[in-house]
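A.B. asks: First the structure, then my questions, so here it is.
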Amino acid sequence: GHGVTCGKFILIGEHSVVYGEPAIAMPLHSVRMSARVAHGAPEHWFESELYQGPLARLPASLTGIKAAIEACLEELGERPDGLNFIIESEVPTERGMGSSAAVAGAVVRALFDLYRRPLDRDTLFALVQVSERIAHGNPSGLDAVATSAAAPIHFQRGEFRDLPIALTGVFVIADTGIKGGTRQTVADLGARFAAERSEVEPRILRLGKLTEEARGCLAHDRPARLGELMNEAHAQLAALDISSPELDRLVEAALAHGALGAKLTGGGRGGCMVALCTDAEAASAVAQALLASGARQTWIHRFEEYPA
Ligand code: PMV
């Protein structure tokens with residue numbers, strides 16, 4: 001059996017989404033996660049870059065996957081003696097690109113493929129969330145949906161829908177090389193919200209407004225305005241202490257080299273940033289500038305990859 005999912009990035013609405021505002025996430029189909037599973041091993045066996053060995057002795061960071069596999073076999077009504085899982089990942093870990101949800105989704109898809117059973121979106125989501133709950137405590141579900149989605153996703157208070165995309169433009173995503181601190185930044189913002197609500201709440205509401213306007217830009221091909229919205233979102237997140245000097249430096253470098261807009265993406269204080277460019281040529285110039293400003297890795301992503 002074979003299953004494929006992909007990385008994701010949040011275009012806009014991270015953090016404010018925790019307070020009930022909308023967010024938009026994009027599957028990154030060119031950053032692939034693949035799982036293969038076959039019968040034959042004497043016991044369940046797991047091979048990935050992070051770990052090779054019996055499924056029973058998976059390290060703590062991967063125990064969510066084990067739970068997802070068990071829930072999946074339960075759902076399928078299968079009790080195989082030995083399964084051999086092989087994971088091949090292009091999705092970096094702990095960068096806000098959804099690697100944990102992507103592995104779980106690929107494994108679930110591979111198992112349903114092995115037993116030739118149809119897999120609907122809700123079942124896939126539920127099984128990936130089994131893993132995500134163990135890996136992340138209280139996951140919004142955004143990663144579980146976006147890493148197996150065909151199209152960009154609009155997310156608000158647990159409701160998801162596919163977004164129509166008419167935008168022309170190219171994204172550059174860059175990794176600071178620093179582990180993202182999602183758990184910490186979410187907790188810090190929560191504490192600040194409680195202590196200084198009159199300062200924090202207007203910014204969260206504003207991030208929600210920016211996200212709704214961004215949705216219109218995607219649907220009506222307004223890249224220049226989308227760039228402005230991304231810039232303001234970054235400024236709002238920075239004012240909420242979610243950015244870092246490294247993220248700010250990459251955002252400034254992208255803007256100085258012709259990006260229409262740029263912002264941190266995901267949990268912040270590390271992890272990745274994203275820039276919007278007019279075309280592929282502009283994107284490759286921005287990617288070069290980001291690498292020269294200390295980015296560890298960049299990815300170029302075209303809207304044309306999504307179904308019309
Ligand atoms: O770091 P990521 O890409 O998993 O994004 C976290 C997004 C937050 O809004 C900060 C948290 C959440 O649970 O939605």
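A.B. asks: So which residues in the range 147-173 are assigned to a loop (DSSP other than H, G, I, E, B), without any contact (Cβ under 8 Å) to a residue 60 or more places away in the chain and within 20 Å of ASP221 (Cα to Cα), if there are any at all?
C.D. replies: Of everything in the range 147-173, those that are assigned to a loop (DSSP other than H, G, I, E, B), without any contact (Cβ under 8 Å) to a residue 60 or more places away in the chain and within 20 Å of ASP221 (Cα to Cα) turn out to be PRO164, ALA166.
A.B. asks: May I ask you to list the residues in the range 25-36 that are touching a residue at least 60 places away in the same chain (Cβ under 8 Å) and either of a type in the set (Ser, Thr, Tyr) or surrounded by fewer than 24 Cβ atoms within 10 Å (Cβ to Cβ) (or both)?
C.D. replies: LEU28, HIS29, SER30, VAL31, SER34, ARG36
A.B. asks: Against the definition (basic (Lys, Arg), touching a residue at least 60 places away in the same chain (Cβ under 8 Å) and not in a strand (DSSP E or B)), how does ARG79 come out, yes or no?
C.D. replies: The answer is no for ARG79.
A.B. asks: Just one of the numbered conditions (1) within 18 Å of the chain's Cα centre (by Cα); (2) under 30 Å from THR211 (Cβ atoms); (3) surrounded by fewer than 24 Cβ atoms within 10 Å (Cβ to Cβ); (4) within 16 Å of the ligand (Cβ to nearest atom) is not true of GLY20; which one?
C.D. replies: (1)
A.B. asks: Within the range 72-110, which residues are within 14 Å of the ligand (Cβ to nearest atom) and surrounded by fewer than 18 Cβ atoms within 10 Å (Cβ to Cβ)?
C.D. replies: Across the range 72-110, the qualifying residues are THR93, GLU94.
A.B. asks: Residue pairs, Cβ under 8 Å, 6 or more apart or interchain, first in the range 217-235 and outside any helix (DSSP H, G or I), second surrounded by fewer than 18 Cβ atoms within 10 Å (Cβ to Cβ) and at pLDDT 95 or above. List them.
C.D. replies: If the second residue must be surrounded by fewer than 18 Cβ atoms within 10 Å (Cβ to Cβ) and at pLDDT 95 or above, the pairs left are ARG222/GLY216.
A.B. asks: Does the range 49-67 contain any residue that is touching a Cys at 6+ places or on another chain (Cβ under 8 Å) and within 16 Å of the ligand (Cβ to nearest atom)?
C.D. replies: no
A.B. asks: Here are some conditions: (1) closer than 23 Å to PHE160 by Cβ; (2) out of contact with any Gly (no Cβ under 7 Å at 6 or more places or on another chain); (3) buried (at least 17 other Cβ atoms within 10 Å of the Cβ); (4) without any contact (Cβ under 8 Å) to a residue 60 or more places away in the chain. ILE65 meets all but one. Which one does it not meet?
C.D. replies: (4)
The values are calculated or read from the model by the stated rules, or taken from the named source; none is laboratory data. These numbers were taken from a predicted model, which means no experiment stands behind them. No Cβ is skipped: glycine too gets one built from the backbone with ideal geometry, and neighbour counts run over all protein chains shown.
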